[in-house]
Amino acid sequence: MSVRIAICDYGVGNLRSVERALLHAGADVVLTGDAEQMRACAGVVLPGVGAFGAAVDALERTGLGDVVVDLAHAGVPLLGVCLGHQVFFDESDENGGRRGLGLLPGRGVRLGSERGKIPHMGWNALHLTRDSPLFEGIAPGSYVYFVHSYAALSAGDAVVATTDYGGEIIAGCVRDNVWSTQFHPEKSGTTGLRIYANFVKCCTESRTATRAGVITDYPRADARRRGSTPTPSAAAGVRSDDSVPPSSA
């Protein structure tokens, strides 16, 4: 029987391409903005394209941000993709400085022009910094597709992959049941499909195993609402679509 995975529909995301990738991996997929449907699933994907401020506003307006944090506490596997990855962090400089969900430690910052053309759009090689279930079966140096103007540059021991674009950028994080990628796996060919397959495997195993290793120090929903807003330091970024992979490393 296929494991059911929810794609969180909060009005900011490339839902259908993520859905196709999860279906390819053998999941039973539901696109939903309903809290109870999300809680009934074995895992949740938080996609996203666009601006950080619009994303966190939508999550707050719908209450789905609190749902995602509660699911993290409950040990439900979560996968944040691109903007969803950024929203998992403590905060971002984008849109005048906004708080994120606080599931990953760190801050999103605007990439400087000294790195190259911004937004960063294209295929870059992965540097795997440690073994992780997120990148199981994926070779170091595999190419994946990025589209972003902001990125987190540090996340402590949650970092499992980086890439180089005029300097190091976090490409992937794993913090127990919270996984995320700055790139778009659904636009990254067979490498990206393997990442979704790894997430489906994690969700399947979590349904039949006791959830040890659940993070207990996530900020609760009420604490996040009482928290301070970060100091502004940058303007909003722009994100776009994909191209073709490089022919060689």
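Structure summary
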quantity	calculated
Residue that is surrounded by the most Cβ atoms within 10 Å (Cβ to Cβ) [pool: residues in the stretch 10-25 that are free of Cβ contacts under 8 Å to residues at least 60 places away in the same chain and farther than 13 Å from Cys82 by Cβ]	Tyr10
Restricting the stretch 167-180 to residues that are farther than 18 Å from Arg107 by Cβ and touching a strand residue (DSSP E or B) at 6+ places or on another chain (Cβ under 9 Å), the residue that is surrounded by the fewest Cβ atoms within 10 Å (Cβ to Cβ)	Val174
Residues (surrounded by fewer than 21 Cβ atoms within 10 Å (Cβ to Cβ) and either of a type in the set (Lys, Arg) or under 14 Å from the mean Cα position of the chain (by Cα) (or both)) located in the stretch 62-97	Asp90
Subset tally (residues that are touching a Ser or Thr at 6+ places or on another chain (Cβ under 9 Å) and crowded, with 22+ Cβ neighbours inside 10 Å) for the stretch 49-61	2
Some residue of the stretch 40-48 being of a type outside the set (A, V, I, L, M, F, W, C), surrounded by fewer than 17 Cβ atoms within 10 Å (Cβ to Cβ) and over 20 Å from Ala152 (Cα atoms)	no
Test: residue in the stretch 154-166 that is of a type in the set (A, V, I, L, M) and under 13 Å from Arg110 (Cα atoms)	no
Residues of the stretch 143-171 that turn out to be touching a residue at least 60 places away in the same chain (Cβ under 8 Å), more than 19 Å from Gly50 (Cα to Cα) and not in a loop (DSSP other than H, G, I, E, B), as a count	1
Test: Thr216 is modelled with pLDDT of 55 or more and either in a loop (DSSP other than H, G, I, E, B) or surrounded by fewer than 17 Cβ atoms within 10 Å (Cβ to Cβ) (or both)	no
Any hit, the stretch 27-38, residues being modelled with pLDDT of 95 or more and within 14 Å of Val178 (Cα to Cα)	no
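The values are calculated or read from the model by the stated rules, or taken from the named source; none is laboratory data. Note that the coordinates shown come from a computational prediction; the quantities given were computed from them, not determined experimentally. With ideal geometry, Cβ positions are generated from the backbone for all residues, glycine too; neighbour counts draw on all protein chains shown.
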